[in-house]
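Peer 1: Have a look at this one before I ask anything.
The values are calculated or read from the model by the stated rules, or taken from the named source; none is laboratory data. Owing to the predicted nature of the structure, the values given are computational and were not obtained by experimental measurement. Heads up, the Cβs are rebuilt from the backbone with ideal geometry, glycines too, and the neighbour counts pull from every protein chain shown.
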Amino acid sequence: MTAESATSPGVLIVEDDPQIARALLVNLKARGYRTHHAATGRQALQLAAHEHPDVVLLDLGLPDLEGREVIEGIRGWSTVPIIVVSARHESQSKVDALDRGADDFITKPFAMDELLARLRAALRRAQPDPGHAVVDTVDGRLHIDLAAHALTVAGTPVRLTRLEWRLLEVLARNPHRLISRTELLTTVWGPQYGEEANYLRVYISQLRAKLEPEPSSPRYIHTELGMGYRFTP
Ligand code: CA
């Protein structure tokens with residue numbers, strides 16, 4: 001039943017819990033991914049170097065190394081997407097992991113469908129399509145033409161300020177990805193603005209007022225509390 005081949009994307013699963021590791025291995029293999037499994041941080045670093053996976057799923061609570069040590073070890077030479085898998089109480093470690101170069105996180109217990117969606121999103125980002133300048137939301141309500149700087153909401157053109165555009169552009173070019181506050185601030189405002197979380201709150205709420213059917217319960221621009229934002233097209 002496996003459709004695995006040499007060209008299938010390779011996933012390195014770093015997980016010391018045998019049951020979770022097995023569930024991931026079975027599900028990913030069934031969907032045609034090549035899989036490698038490491039139960040310790042050291043093994044993870046070795047396998048990452050030898051197998052060159054296309055994406056890494058990294059449990060933060062490992063028996064030998066801290067999750068951040070594994071991230072730093074991989075980031076020393078590779079830009080492979082790293083999705084951190086962590087327990088709910090580890091929110092500080094999650095922020096730390098993102099700061100050190102992880103791309104996304106998912107909280108245990110997770111739904112397999114959500115994990116697979118994150119995995120696909122990470123793989124898509126790793127091979128970006130430069131011609132993809134138009135984003136349509138699944139519900140057909142938003143049409144964002146990034147090249148022309150033209151936005152229509154339910155068929156009506158909507159004007160955005162320059163900063164609103166830049167913010168929407170970063171979000172829309174990274175669908176489903178958690179973008180940290182620091183990344184948004186430094187990309188949109190500049191490197192010296194990394195701490196100005198209040199700017200971001202103001203502009204996100206302006207954007208939501210223009211885009212969202214119900215700005216108080218957002219459909220497209222989601223807040224990840226204490227971390228950043230995620231755009232769901
Ligand atoms: Ca663990």
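Peer 1: Considering segment 194-233 alone, what residues qualify as being surrounded by 14 or more Cβ atoms within 10 Å (Cβ to Cβ), of a type in the set (Ser, Thr, Tyr) and more than 22 Å from the chain's Cα centre (by Cα)?
Peer 2: Listed by number, the list holds a single entry, Tyr199.
Peer 1: With the requirement that a residue be out of contact with any helix residue (DSSP H, G or I) (no Cβ under 7 Å at 6 or more places or on another chain) and of a type in the set (Ser, Thr, Tyr), what does segment 139-196 give you?
Peer 2: Passing the criteria: Thr152, Thr156, Thr161, Thr182.
Peer 1: Please count how many residues of segment 96-112 are within 15 Å of the ligand (Cβ to nearest atom) and small (Gly, Ala, Ser). Can you show your working first?
Peer 2: Residues of segment 96-112 that are within 15 Å of the ligand (Cβ to nearest atom), as a first pass: 97, 105-110.
Going one step further and asking which of them are small (Gly, Ala, Ser), we end up with 97.
So the answer is 1.
Peer 1: Give the residues of segment 105-142 that are at pLDDT 95 or above and assigned to a strand (DSSP E or B), sorted by residue number.
Peer 2: Selection gives Leu142 alone.
Peer 1: For segment 61-95, what are the residues that are among the charged types (D, E, K, R) and within 16 Å of the ligand (Cβ to nearest atom)?
Peer 2: The initial filter retains those residues of segment 61-95 that are among the charged types (D, E, K, R), namely 64, 66, 68-69, 72, 75, 88, 90, 94.
Of everything in segment 61-95, those that are among the charged types (D, E, K, R) and within 16 Å of the ligand (Cβ to nearest atom) turn out to be Asp64, Glu66, Arg68, Glu69, Arg88, Glu90, Lys94.
Peer 1: Scanning segment 76-104 for residues that are under 23 Å from Arg120 (Cβ atoms) and assigned to a helix (DSSP H, G or I), which turns out nearest to the chain's Cα centre (by Cα)? So that I can check it myself, show each step before the final result.
Peer 2: Let us first name the residues in segment 76-104 that are under 23 Å from Arg120 (Cβ atoms), namely 78-86, 94, 97-98, 101-104.
Going one step further and asking which of them are assigned to a helix (DSSP H, G or I), we end up with 94, 97-98.
Working: Lys94: 12, Ala97: 12, Leu98: 10 Å.
Within segment 76-104, the match that is nearest to the chain's Cα centre (by Cα) is Leu98.
Peer 1: Another question, if that's okay. Within segment 37-60, count every residue that is more than 25 Å from Ala117 (Cβ to Cβ) and either more than 15 Å from the ligand (Cβ to nearest atom) or out of contact with any Asp or Glu (no Cβ under 8 Å at 6 or more places or on another chain) (or both).
Peer 2: Here the count works out to 5.
A quick yes/no check of all residues on (1) in contact with a helix residue (DSSP H, G or I) (Cβ under 6 Å, 6 or more places away or on another chain); (2) in contact (Cβ under 8 Å) with a residue 24 or more places away in the chain:
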residue	(1), (2)
Leu62	yes, yes
Arg68	yes, yes
Glu90	no, yes
Ser93	no, yes
Asp96	yes, yes
Met112	yes, yes
Leu116	no, yes
Arg120	no, no
Arg125	no, yes
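Peer 1: Would you check if Arg75 is out of contact with any strand residue (DSSP E or B) (no Cβ under 6 Å at 6 or more places or on another chain), under 24 Å from Arg208 (Cβ atoms), in contact (Cβ under 8 Å) with a residue 12 or more places away in the chain and surrounded by fewer than 20 Cβ atoms within 10 Å (Cβ to Cβ)?
Peer 2: Numbers: out of contact with any strand residue (DSSP E or B) (no Cβ under 6 Å at 6 or more places or on another chain): yes; under 24 Å from Arg208 (Cβ atoms): no; in contact (Cβ under 8 Å) with a residue 12 or more places away in the chain: yes; surrounded by fewer than 20 Cβ atoms within 10 Å (Cβ to Cβ): yes.
No, not satisfied.
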